[in-house]
Amino acid sequence: MKKILSAIQLLGFIFIGQYQLSAQEAKSIAGRVVDKTSEAPLPFAQVSVLNSSVGSITNTDGYFELSISSFNPGDSIEIYSFGYERVKIKLDDWIIGGKLIKLNPAVFKLREVEVLGMTVEDILRHAVAGIPDNYGKDPLLLTAFVRVRKMVANKLAEYTEAVVRDQKDGYYLYPKKKLAGKHIKSNVPEMMKGRVVSDTNLVNSLGDIGKNAFCMSCLFSKDLIEFYPGTMLDEKEFRYYDYHMEDMLDPAGKKLYHITFDQKDKIKESLWKGEIYINASDFAIEKIILKPSLKGFDRYNSKTKYQRMFTIRNIPGWIKEMPLGQTVLTYSNRQGRWYLNTIRNEYWMTYIHPPTGQHLKYGYLDELVVTDITRDPDSIRNFKGSPGCALRFWNLQPDPRWSSSG
């Protein structure tokens, strides 16, 4: 098992990519990104070689590694995390054995209170109305690095990584009744590269829960800008939420609307809480943090828990409590238009067997980084993906260099 984990930990840092400049020997650089004030690790920080498609993200402890096939010594690495100042470091300044990068917090509140002529709901209406112009109505192709980890009782049960292309049919406005059709038309995936390692015995012991394979387009479908109907962004859902807002500045000094939300008291649903960051100049949504509202916890666990019965380890009668965790989405402006940038989805579920009092904790951590975007009509016309979730990670072949039980 130690061999499995060491291979997984190493591979967890490496991003699959190509970088074509002047021919030199390949270079591998590593480092750790932390908050300069607290020195706490910054997970999911973006690390990229400027003017190239090579990039990676930091893991939960702030570590990363980049493998660059060819480079110029004068080229630079850029490190960025939302809410922090960007750092650029030249490749020829990179020390052997890794580097500690400390990022300065950069987002702060305005010193003076600004009197707004709009309510929070007005700002959300503007943000939704601006989706077609800000994100583009035309179809587009995204290329992304996807990493999925399954955990059982704090043990790594399965690890998958892939480079995936995904075709979206564009960002436009539509009613909630057409949401199901939108999910069918959009996020058509194609796997370019991928590999998986699995503790087969552990996964199989969980029955249908463990065997559930992550689909190629599942993470892309968490794009709330594209699938906004029925969410806290939807005007028809405003009555279910309490919203609060403050003005902030981004690292470049531009104004942001920072909105926090939670489901209202006494709402008999299991809804959401979280944060939304909206660019004040064009009302583009830059970041969303989404997690289950604990106000719906008791209802989920007491009113409907026996509707969710499972067989685990060949024992029937297990029930699932409300999943806890969060999804973080970021969007970036590239050449005058906003695009999906990253998705990080982490959730944990507790299964309980009432007759015996047994508990089992099952979780997953999914990460997606968009590395390339095109709206080229020929590229889209020649794209051959699989509609819906037809391509799943169980189609991947185990990497022969990895050990695997079962």
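Please work out if Lys193 is under 27 Å from Leu360 (Cβ atoms) and among the basic types (Lys, Arg).
Criteria not met by Lys193.
If I ask for residues that are of a type in the set (S, T, N, Q) and in a helix (DSSP H, G or I), which ones from region 120-152 would you list?
Passing the criteria: only Asn134.
Do the conditions hold for Ser302, that is, is it buried (at least 19 other Cβ atoms within 10 Å of the Cβ), closer than 21 Å to Tyr351 by Cα, at pLDDT below 85 and not aromatic (Phe, Trp, Tyr)?
So Ser302 does not fit the description; no.
Which one is farthest from Leu256 (Cα to Cα), of the residues in region 267-281 that are of a type outside the set (D, E, K, R) and part of a strand (DSSP E or B)?
Once the filter is applied, the top-ranked residue is Trp272.
Answer with yes or no whether Ile209 is within 21 Å of Glu346 (Cβ to Cβ), among the β-branched types (Val, Ile, Thr) and in contact (Cβ under 8 Å) with a residue 60 or more places away in the chain.
Yes; evaluated as a whole, the condition is true for this residue.
Kindly provide the set of residues from region 153-207 that are closer than 26 Å to Leu224 by Cα, among the basic types (Lys, Arg), part of a strand (DSSP E or B) and touching a helix residue (DSSP H, G or I) at 6+ places or on another chain (Cβ under 9 Å), ordered by number.
Lys168 - this is the single residue of region 153-207 that is closer than 26 Å to Leu224 by Cα, among the basic types (Lys, Arg), part of a strand (DSSP E or B) and touching a helix residue (DSSP H, G or I) at 6+ places or on another chain (Cβ under 9 Å).
Among the residues of region 152-170, count how many are surrounded by 22 or more Cβ atoms within 10 Å (Cβ to Cβ), of a type in the set (Asp, Glu) and without any contact (Cβ under 8 Å) to a residue 60 or more places away in the chain.
Residues in region 152-170 being surrounded by 22 or more Cβ atoms within 10 Å (Cβ to Cβ), of a type in the set (Asp, Glu) and without any contact (Cβ under 8 Å) to a residue 60 or more places away in the chain: 1 in total.
When region 119-150 is examined, which residues are found to be surrounded by fewer than 17 Cβ atoms within 10 Å (Cβ to Cβ) and farther than 21 Å from Lys287 by Cα?
Within region 119-150, Asp138 is the sole residue that qualifies.
The values are calculated or read from the model by the stated rules, or taken from the named source; none is laboratory data. Here the structure is a predicted model, which means the values were calculated and not measured. Quick reminder, even Gly has a Cβ in these numbers, built from the backbone with ideal geometry, and neighbours come from all protein chains shown.
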